[in-house]
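What follows is one structure encoded as structure tokens, with my remarks underneath.
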Amino acid sequence: MSRTAQPPHRSLFFGFLQPFMFLTAMGLGIGGLLARTNPNAFGPAGYIGFLGPGLLGAMAMQTATFESSYPIMNKIMWGRNYEAILSTPLSTRNILLGELGWIGFRLMTVGTIFLAVLALFRVAQTPLALLSIPVIGLTGLGFSSWLIAFAARQRNDVGFSWVFRFVINPLFLFSGTFFPLAQMPQAVQVIAWFTPLFHGVELMRGLVLGHLDLATAPWHLAYLLVFFAVGLVLADRSLAKRLAN
Amino acid sequence: MSGATGDALVRARKLTKRFGSFTAVDAVDFDVRPGESFGFLGPNGAGKTSTMRMIACASPVTDGELSVIDMNPQTQAREIKARLGVVPQTDNLDTELTVRENLEMYARYFDIPGSVARSRADELLEFVQLDERAKDQVETLSGGMKRRLTIARALINEPDLIIFDEPTTGLDPQARHLLWDRLYRLKQRGATLIITTHYMDEAEQLCDRLVVMDKARIAAEGSPRELIDRYSTKEVLELRFGDAERAGLDGRLEGLAQRVEVLPDRTLLYTDDGEKTLDEVHQRNIAVQSALVRRASLEDVFLSLTGRSLVE
């Protein structure tokens, strides 16, 4: 169950390949189809301009989720790496901060490559887009902290498939990633407002396309900060409870 | 905490560990002195590992007093852990790293500079006879080799106190003896060792002094020799009977020995002269399948204290 470390060049290559294929298939392919029927539906940037930042947000969530589920559980239960680390001067809090530091680094590396691909497709064209990198980190770390808290409370890995099915997948689809939420009934829009990925995507879209709405942006940011802060406290407590009992 | 802890490296008074309503360690007292190798002997579930985990600052003390190297595990865990070496019951090496990387990475957690870590890794790999495997992945090592690497890792910070939780459980006899030899050398160098085990031969070989734990409490304390002298006779006569012979026994062993212990597979007669007692058995015309005279061991101490065998 252990994560096999990839050579850096390979993981960078995949970091490039994934968004490149998605943007080609969906952005150009489906986007082209949409443009034929309704050329102005997605504004001047077209469908690929809408989709690109949406996928960027989804990538942040998925990378963070993957890194914070099985690998963390492995180090708690199967490989017992944390037990070994806790026999040194380090504490559970040190472990948590170390993990988040690594995941944050990974998020921002993958995010930077993703942004480069967006620039290649002429979606990201303003320096403001660079500001989306810390937002990728913040959005991802929010998910990471909650998942680490969850992982620390599980006795086996069954819980993860429930989280993936009933939390991560719906968020992936209904956070304004693939289509504007205005398409959906009012109720779905209201629910989306309470979920984290929506706020991350909104912020990233504004920054990447260079039309950040300054009236809503602080609220999106505040939501993400609170989401991360609460997750951090939960993860800290859960890890301590699990590992130092 | 009381101020003076004397010369004890670890000192426990009424040390207690509870998990909810379950009491894993029930008000135990013990002192581990510098330079000695101190054992916790007892069956699985006796509370050995819970005691170990409290000493290693991995588990908070529920009640009572505990001081480790004159510090309090509740408030000075970081300082204590910097001076401990811990060999856990289950190996928890980093399987994605090589043998050598496991040591050097672990040294980082203690803030040991790279050059020092490298030279210590060299010495330790030689000490545990893994120098030729330094570049191999951990996954390719045998069980005994992994155990030795775990021991080398526990020594990377030159600890004042080394804790071994069941060091040889699950190893074949050859690997066990090699490991015992390394532990014995550590002892010779003046290291203080704490060893938990449910193998009496291990405790007899390695421990200067030990406590026998049973059901969360300490049943007895002393050196292996003292304990045997106190709780057992010098020798033990082990008799095995067939089913028919056993049925016809009916109190005929009475008066032959100071104590008679009937186990499912054999009957133990505690006596100071086993041969003489065996003669008496023959004189009484008691039919025996097989008989064996041996010196008393810690197993007998445990049996006499608890009425049960150590390893079922």
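Every read-out reported here was derived from the displayed coordinates using simple, explicitly stated rules and does not represent laboratory data. Everything numeric here is computed off the predicted structure, so don't read it as measured data. So basically every Cβ, Gly included, is an ideal-geometry build from the backbone, and we count neighbours across all protein chains shown.
Once phi is turned into θ = phi - 60°, what whole-Hz ³J(HN,Hα) does the Karplus curve with 6.51, -1.76 and 1.60 give for every residue of the range A:116-128, x standing for Gly and Pro?
4, 5, 4, 5, 4, 7, 6, 8, 8, 10, 10, x, 3
Whole-Hz Karplus ³J(HN,Hα) for the range B:275-292, in order, using 6.51 cos²θ - 1.76 cosθ + 1.60 and θ = phi - 60°, x for Gly and Pro?
These are the phi-based 3J(HN,Hα) values: 4, 5, 5, 5, 4, 5, 4, 5, 4, 7, 6, 7, 6, 10, 6, 8, 9, 9 Hz.
Near the amide H of B:MET213, under 5 Å away, which other amide H atoms are found, from residues 5 or more places off or on another chain, if H is placed in the peptide plane?
B:LEU41, B:GLY42, B:ALA219
For the protein assembly as shown, what does -39500 (n - 2.57) per DSSP helix run (n ≥ 4), summed and divided by total residues, give at 222 nm, in deg cm²/dmol to the nearest 500?
Per the formula, -15000 deg cm²/dmol.
Round to the nearest 10 and give me the degree value, 0 to 90, for the angle of helix B:99-109's Cα axis relative to the longest principal axis of chain B.
That works out to roughly 70 degrees.
Going through the cross-link list A:LYS75/B:LYS146; A:LYS241/B:LYS215; B:LYS81/B:LYS187; B:LYS146/B:LYS234; B:LYS215/B:LYS276; B:LYS48/B:LYS135, which pairs have a Cα-Cα distance over 28 Å in this structure?
Going by Cα-Cα distance, B:LYS146/B:LYS234; B:LYS215/B:LYS276; B:LYS48/B:LYS135 fall outside the 28 Å limit.
Tell me, what HN-Hα J-couplings in whole Hz come from the Karplus equation 6.51 cos²θ - 1.76 cosθ + 1.60 at θ = phi - 60° for each residue of the range B:196-209, using x for Gly and Pro?
Using θ = phi - 60°, the values come out as 9, 7, 10, 9, 5, 5, 4, 4, 5, 5, 9, 9, 6, 8 Hz.
Summing Lys, Arg as +1 and Asp, Glu as -1, what charge do residues with Cβ under 13 Å from the Cβ of B:GLY222 carry, B:GLY222 excluded? Provide the component values of the computation, followed by the final result.
Numbers: positive: B:ARG209, B:ARG225, B:ARG230; negative: B:ASP31, B:GLU36, B:GLU204, B:ASP208, B:GLU221, B:GLU226, B:ASP229.
Here the charged neighbours net out to -4.
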